[in-house]
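Okay, so here's the structure we're looking at.
The values are calculated or read from the model by the stated rules, or taken from the named source; none is laboratory data. Everything numeric here is computed off the predicted structure, so don't read it as measured data. Don't worry about glycine lacking a Cβ; one is built from the backbone with ideal geometry, like all the others, and counts go over all protein chains shown.
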Amino acid sequence: MKIDESISFLEGTTKTFIIKKIQYLISRIPDLEYIILFGSYARTEQTIKSEIDLMAITSSIPDRLLRGDLCSEFDEENIDLVFYDIETFRNSRCLLVSQVKKKRIVLWKNPPLLEKKHIKMQQKRDKSKSWTLLICNYRYKTSQPRHTYPWLCSCF
């Protein structure tokens, strides 16, 4: 998913600013699954005084220090950053989550590892006579070539 496609309605400087912040979050948060824009920007009702509301959804909540650091950094730049783990987000009935589920823009989504259209696989044999499979930029060492993994080959 390209980030700039989801926020094409924004002006140049705001759009560039949000893209940089998304890239920063992706680099800092382990297990990040989604970055969601919500609030007035998602409803396209923003004013000059509006904060940018972002929700980071992770497979497991990052530690408190990282969350605190990121929230402080973003607060200084008029961005309200909220964290949820994916299970809590899916099952929550709180007002904030309900509102986000109604009107949100998914800015970034972590692609599933074996999503067929994203798979690019290469293999090579190194000096130790083991095979390296490169799947979506993840490396897997194995002693067998890919034809021994029919579930992998069926994706092509």
When the stretch 28-59 is examined, which residues are found to be in contact with a Pro (Cβ under 8 Å, 6 or more places away or on another chain) and either among the aliphatic types (A, V, I, L, M) or surrounded by fewer than 18 Cβ atoms within 10 Å (Cβ to Cβ) (or both)? Ile29, Pro30, Asp31
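Take the residues of the stretch 23-61 that are assigned to a helix (DSSP H, G or I) and closer than 21 Å to Ser8 by Cα: which is farthest from the chain's Cα centre (by Cα)?
Pass one, the stretch 23-61, residues assigned to a helix (DSSP H, G or I): 23-28.
Imposing the further condition that a residue be closer than 21 Å to Ser8 by Cα reduces the set to 23-26.
Details: Gln23: 9, Tyr24: 11, Leu25: 8, Ile26: 6 Å.
So, considering only residues that are assigned to a helix (DSSP H, G or I) and closer than 21 Å to Ser8 by Cα, the one farthest from the chain's Cα centre (by Cα) is Tyr24.
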Every residue in the stretch 1-16 that is over 14 Å from the mean Cα position of the chain (by Cα) and farther than 21 Å from Lys103 by Cβ, please. Gly12, Thr13, Thr16
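Condition (residue is modelled with pLDDT of 90 or more and surrounded by 13 or more Cβ atoms within 10 Å (Cβ to Cβ)) applied to the stretch 110-123: is it met by at least one residue? Let's see the steps before the verdict.
Just the residues of the stretch 110-123 that are modelled with pLDDT of 90 or more, to begin with: none.
No: the stretch 110-123 contains no residue that is modelled with pLDDT of 90 or more and surrounded by 13 or more Cβ atoms within 10 Å (Cβ to Cβ).
If we only count helices (runs of 4 or more DSSP H) wholly inside the stretch 62-116, which ones have 3 or more residues that are of a type in the set (D, E, K, R) and over 15 Å from the mean Cα position of the chain (by Cα)?
Details: elements: 64-75, 86-91, 95-102.
Passing ranges, in order: 64-75.
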